[in-house]
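Written below as structure tokens is the structure these notes are about.
The values are calculated or read from the model by the stated rules, or taken from the named source; none is laboratory data. Keep in mind that this is a model prediction, so the values were computed, not measured. No Cβ is skipped: glycine too gets one built from the backbone with ideal geometry, and neighbour counts run over all protein chains shown.
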Amino acid sequence: MTARLVHISCPDDASATALARSLVDARLAACASVLPGMRSVYRWQGAVEQAAEVLLLAKTWADRVDALVEHVRAAHPYDLPEIVAVEITGGLAPYLAWLQAETRANPDA
């Protein structure tokens, strides 16, 4: 089992911050970073669009990704939210241990 970094685009700071808090509160992510100032260019419904967005980076464990995706889909204001999970292949071992512990129902177990 390994850690995952989940990339989620949000329309604004308020929705990204609320989503970040709900993911951490639910132990679906150990940490979620809100990065404002992103500009996205994408094709949607046959037209090229452009939008100012906020990037949410959620750090979680592999076995929590499916539940995290469902949580985001239910809470996200977009019809089709961008949710992309990337495997973390390395990092500081104590941080990765903390990340795993904080995505458990009982982090001391």
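Just need a number here: residues in segment 11-49 that are more than 10 Å from the chain's Cα centre (by Cα) and over 17 Å from Val65 (Cβ atoms).
Final tally of qualifying residues: 24.
Hey, could you check segment 53-91 for residues that are of a type in the set (A, V, I, L, M) and part of a loop (DSSP other than H, G, I, E, B) and say which is surrounded by the fewest Cβ atoms within 10 Å (Cβ to Cβ)?
That would be Leu80.
When residues of segment 1-46 are filtered for being β-branched (Val, Ile, Thr), assigned to a helix (DSSP H, G or I) and either surrounded by fewer than 12 Cβ atoms within 10 Å (Cβ to Cβ) or at pLDDT below 95 (or both), how many remain?
0
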